[in-house]
Amino acid sequence: MNFAIDNLEAFLEREYKLVIVEIKQTFGSTPRETGAFMLVSPTDTHGTIGGGQMEHLAIDNARALLAGVSDQVEMDIPLGPDIGQCCGGRVILSFRIGDDAVRAALEATLKQKAEALPDVWLFGAGHVGRALADALLLLPLKTYAVETRKSELDLMSAGASHRLVAMPESIVKDIAPGAAIVILTHDHALDFLIAKEALARDDLAYVGMIGSKTKRATFASWARREGLDEDAIGKLVLPIGGKTVQDKRPAVIAAMTSAEILAAIETYRVRSES
């Protein structure tokens, strides 16, 4: 289960009286997009519609609604100097009291959105795999961790769906189109087998492998002998995480790779929709 969704579920269970504040429309430059929402209870909030004075005004109105001293269910807020913001755009906010019907609709929408999130498959649950899983849990992605070793998989965050598989390369063909695959096992030969299956497909957003220039050259030579063409081999991101930051600590590699994955998934989405 995604970490952010867990927090939201806990908030909904804890706070019965609440208002859903949603960005109904945007005009020009705004800090969040149409559909972004936050929950406001008498003493707490969950999520954000962009922060700043706009958000404070929204919270104040939501709590006034809960207290019965406001009936304003829509606000039109220019994001300019009058409220100390310089975005220059404008947002229209809607306010809904979170009764049972509204809560049910929200939970159904969130479930639908969660099911539509892009998949990221991590092959390997070593130090970098675990750090990457932790980083990805904060992002709008579904994370799966695949391992041949139960002892390592048991150390992986529970937020990632675990798959204990004897032959990880055998499941690559069943991964949904548009997914990202990151290969970081303890065995270079296994890395190569997984990469071969992934690069044979043309419908994945990202295929990355942990390693070095030497490993890339070794893989390319092996892949040619296995029948992969240069276009397929060229799709492999190796090393993962880019070259800008040379720090090789797992958490740093994970941070850089997470950004790389998000960018690749967005590029794939735009290309698929064009």
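Taking H as built 1.01 Å from N, whose amide H comes closer than 5 Å to the amide H of residue 25, not counting residues under 5 places away?
92
Could you work out how much longer the chain between residue 59 and residue 269 gets when fully extended? Use 0.36 nm per residue separation minus the Cα distance between them, nm to one decimal.
On the way: separation 210, 0.36 × 210 = 75.60 nm, distance 3.39 nm.
Taking residue 59 through residue 269 to full extension adds about 72.2 nm, to one decimal.
What number comes out for the charge environment of residue 27, summing +1 per Lys or Arg and -1 per Asp or Glu over other residues with Cβ under 15 Å away? Mind showing how you got there, number by number?
Details: positive: 24, 32, 90; negative: 33, 74, 76.
Once all neighbours under 15 Å are counted, the net charge is 0.
Rounded, prolate or oblate for the stretch 115-238? Axes are the square roots of the Cα gyration tensor eigenvalues, ordered a ≥ b ≥ c, and the cut-off for rounded is a/c under 1.5. If you can, show how the numbers build up before the last one.
Details: a/c = 1.82, a/b = 1.42, b/c = 1.28.
Because a/c hits 1.5 or more and a/b exceeds b/c, the stretch 115-238 counts as prolate.
Within the stretch 113-139, what residues put their amide N at less than 20 Å from the label point 7 Å along the Cα-to-Cβ vector of residue 245?
122, 126-139
Could you list 258, 94 in order of exposure, starting from the residue whose Cβ has the fewest other Cβ atoms within 10 Å?
Numbers: 258 22, 94 14.
Lowest to highest Cβ neighbour count: 94, 258.
Fewest to most neighbouring Cβ within 10 Å: what's the order for 123, 27?
Values: 123 28, 27 13.
Fewest to most other Cβ atoms nearby, the residues stand as 27, 123.
Which percent, to the nearest 5, of DSSP beta bridges fully inside the chain are antiparallel?
Values: 20 of 39 bridges.
The antiparallel proportion sits near 50 percent.
Taking neighbour Cβ counts within 10 Å as the exposure measure, how do 17, 111, 243 sort from fewest upward? The partial results should precede the final answer.
On the way: 17 14, 111 11, 243 7.
So the ranking, lowest neighbour count to highest, is 243, 111, 17.
Read-outs throughout are calculated quantities, based only on the coordinates presented, and are distinct from any laboratory measurement. Please read these numbers as outputs of a predicted model, since none were measured by experiment. In this analysis, Cβ positions are derived from the backbone assuming ideal geometry, glycine residues included, and neighbour counts consider all displayed protein chains.
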